[in-house]
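Below you'll find the structure, written out as structure tokens, and then a few comments.
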Amino acid sequence: MLREGIEAALIVGIVAGYLRRTGRSAWMPAVWIGILLAVSLSLLVGAALQFANAQFPQKLQEGFEAAVGLIAVVVLVSMVFWMKKAARSIKNELQDSVEAALSSGSSGTGLILMVFFAVAREGLESVFFLLAIFQQSAGPAAPLSALAGLLVSIAIGYIIYAFGIRLNLKRFFRWTGIFILFVAAGLLSAVVRSLHEAGLWNMLQERAYDMSGIVSQHGMIGTVLSGLLNYQESPAVGEVIVYLAFLLITLALFLAPQKHVPAGAAHPEGARS
């Protein structure tokens with residue numbers, strides 16, 4: 001949530017900073033309307049999915065959790081690779097979008113929709129991977145941690161906006177992207193487990209190893225690793241295979257050097273809000 005929140009805060013900060021620098025701060029209410037609509041949509045979607053899950057019998061719940069987990073993995077991977085590509089040019093693209101919105105006949109509506117779609121994407125991404133993580137982590141720790149990450153990201157976003165601090169987006173998204181791929185790998189292994197519990201996948205269910213004597217899931221370290229990375233002290237062979245195969249493929253693609261971008265096509269500066 002820290003990563004997602006900073007993405008959303010950067011988007012809002014870039015738009016707000018651009019409006020301020022160009023003498024159009026009067027349009028800020030439209031930005032806030034777009035943000036509130038995006039947050040409302042995300043909360044409604046999350047509540048609807050949670051309500052639907054509660055109505056299913058046990059087997060269908062496991063299948064639903066597997067589907068949500070799979071969607072969360074796709075969302076996380078696409079987000080990571082999109083931000084790797086867009087980090088250099090996101091500031092200029094957003095400023096161009098603001099100009100396009102304000103030059104249209106219905107300036108207020110155009111700006112509201114631009115902010116709404118930009119923030120709603122981050123919100124809906126958060127809904128799916130938070131649901132997947134909450135389903136694997138009972139108790140208040142995961143929701144409280146998500147809230148803490150969001151609050152910290154809001155504070156960081158405000159500092160960037162208020163003080164004009166530059167952030168090296170390429171480096172930030174590179175390291176957080178690696179971490180998120182590990183999170184996604186854990187979610188994918190949990191999908192395999194949910195499919196087994198739903199009776200849809202019964203292969204490779206032998207225990208791969210037993211780490212309970214070294215790092216127990218019920219200890220402090222094991223609980224943290226379980227909540228963050230879906231650590232299992234005695235996973236099935238299929239879960240381990242999926243976890244390692246996913247990491248090998250995605251990390252190799254993510255860490256591969258980007259193709260050279262011609263000068264002027266991208267703007268390597270960090271985001272100044």
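Coordinate-derived values only; no laboratory data. Because the structure is predicted, anything quoted here is derived from the model rather than measured. Cβ atoms come from the backbone with ideal geometry, glycine included; neighbour counts cover every protein chain shown.
The HN-Hα couplings worked out from phi for the range 61-78 by the Karplus form 6.51 cos²θ - 1.76 cosθ + 1.60 (θ = phi - 60°) are 4, 5, x, 5, 4, 5, 5, 4, x, 5, 4, 4, 5, 4, 4, 5, 5, 5 Hz, whole numbers, x standing for Gly and Pro.
Placing unit charges on each Cβ (+1 for Lys and Arg, -1 for Asp and Glu) gives the range 2-255 a dipole about its Cα centre, and among S25, L244, G222 the Cα reaching farthest toward its positive end belongs to S25.
Pull out a ≥ b ≥ c, the square roots of the eigenvalues of the alpha-carbon gyration tensor of the range 25-86, then state rounded if a/c is under 1.5, prolate if not and a/b is larger than b/c, and oblate in the remaining case. Verdict is oblate for the range 25-86.
When the Cα centres of the range 221-258 and the range 17-82 are compared, how far apart do they sit, in Å? Spelled out, the Cα-based centre of one part sits 24 Å from the other. Toward the positive end of the charge dipole of the range 2-255, with +1 on the Cβ of Lys and Arg and -1 on the Cβ of Asp and Glu, the farthest Cα among F172, F254, S78 is that of F172. Scalar couplings 3J(HN,Hα) for the range 29-39, obtained by applying the Karplus form with A = 6.51, B = -1.76, C = 1.60 to θ = phi - 60°, are x, 5, 4, 5, 4, x, 5, 4, 5, 5, 5 Hz; x denotes Gly and Pro. The GluC sites (Glu not before Pro) found in the range 169-243 that occupy coil by DSSP, while having at most 13 further C-beta atoms within 10 Å, are E206. Taking amide hydrogens as placed 1.01 Å from N in the peptide plane, the amide H of A236 sits under 5 Å from those of A208, each at least 5 positions away in sequence or on another chain. Rounded to the nearest 20 debye, the dipole size of the range 2-255 about its Cα centre is 1000 debye, using +1 on the Cβ of Lys and Arg and -1 on the Cβ of Asp and Glu.
Shown for the range 2-255 is the translational diffusion coefficient from the Stokes-Einstein equation, using the Kirkwood radius over Cα pairs, a temperature of 10 °C and a viscosity of 1.306 mPa s: 80 µm²/s.
The charge dipole of the range 1-120, taken about its Cα centre with unit charges on the Cβ of Lys, Arg, Asp and Glu (plus for the first two, minus for the last two), comes to roughly 360 debye.
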